[in-house]
1. What dipole magnitude, in Debye to the nearest 20, does the stretch 72-223 give about its Cα centre under +1 on Lys/Arg Cβ and -1 on Asp/Glu Cβ?
2. Using a simple spin-label model with points 7 Å from Cα along the Cα→Cβ vector, what separation in nm is obtained for Ser212 and Thr106?
3. Taking a virtual spin label 7 Å from the Cα of Arg159 along the C-beta vector, which residues in the stretch 166-188 bring their backbone nitrogen under 14 Å of it?
4. Suppose each label sits 7 Å from its Cα in the direction of the beta carbon; what would the Thr51-Leu125 distance come out to in nanometres?
5. Taking Cα centroids, how far is the stretch 173-198 from the stretch 32-95 in Å?
6. What's the FRET efficiency of Asp221 with Val149 using the Cβ-Cβ distance as r and R₀ = 41 Å, to the nearest 0.05?
7. Can you find, among Cys64, Leu175, Cys97, the residue farthest towards the positive end of the dipole of the stretch 32-222? Put +1 on the C-beta of Lys and Arg, -1 on that of Asp and Glu.
8. Order these peptides, 105-116, 60-71, by their mean beta-carbon neighbour count within 10 angstrom, highest first.
Amino acid sequence: MKRLAVVGLAAVAGLATSAAPASAAAAQRTVVLKTAKGALAVGAPLTLSNTHLPFNGPWGEFICTSSATGALGQNGSATDTAELTSATFGDLGEEPCYIVEGKFSTAIVRALDLPWRFELATDNLGAVKGTPAVAFEVELISSNGDGAVTSRKCVYEKRGLKTITGFGKPMEIELTRTSVRFLLNKARSGEGCLKQMFWGSEPDEAGNWEVSSNGEPVEADLS
């Protein structure tokens, strides 16, 4: 009788052990990016658009529009990815941004070190990562009364940006911090550059990036 009891307990333990991986697999969730036409295929084009991206620093403030384009690298996974191969700031990339305040008349921002990698996980947290950093060249142009023009070019960078994205609605990528700091890369910058700059500030937060594919709004869902 004791031997039967031991065998029975062993069998129950074996069933519990074999069921655990299946249960864990069933519980694993994935992120699916889709449009009204269905789930996006790997390689589908993506566009991220933001109409209000403030740049702040001791030198003043200016506001740019922002657009990034790329392709979906992974979909239907625990962490989906996209490679962003192009990014522009201002109306047409080279068009100056809107000056709020500062001792300069024109501000131009150029993206560096592309591609950037966007990631989105099942906890709705994500990141934008550079290779090796998310970097920009900021050119501040000023002119004095006699028409003399001076230009200052400064490169700022940050290894990665933390983001958050809601599920079950048109996709918007939001920065997790009101103000995001970028540090000066002195080796790549000219003279007279300040040590840091910020995206956003306490009263003037950065807008969200809306996501589309071939002109169709993209939605992120859990499955």
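1. Result for the stretch 72-223 is approximately 820 debye, rounded to the nearest 20.
2. Placing both labels 7 Å beyond Cα along the Cβ direction yields 2.9 nm.
3. Within reach of a label on Arg159, which here means backbone N under 14 Å from a point 7 Å along Cα→Cβ, the stretch 166-188 contributes 183.
4. Between Thr51 and Leu125, the simple spin-label model gives 3.1 nm.
5. Taking the Cα centre of each part, the stretch 173-198 and the stretch 32-95 sit 19 Å apart.
6. Efficiency for this residue pair is about 0.20.
7. About the Cα centre, the residue reaching furthest to the positive side is Leu175.
8. My ranking of the peptides, most packed first, is 60-71, 105-116.
Quick note: the coordinates plus some simple rules give every number you see, no bench work behind them. None of the values given here were measured: they were computed from a predicted structure. Cβ: placed from backbone, ideal geometry, glycine included. Neighbour counts: every protein chain shown.
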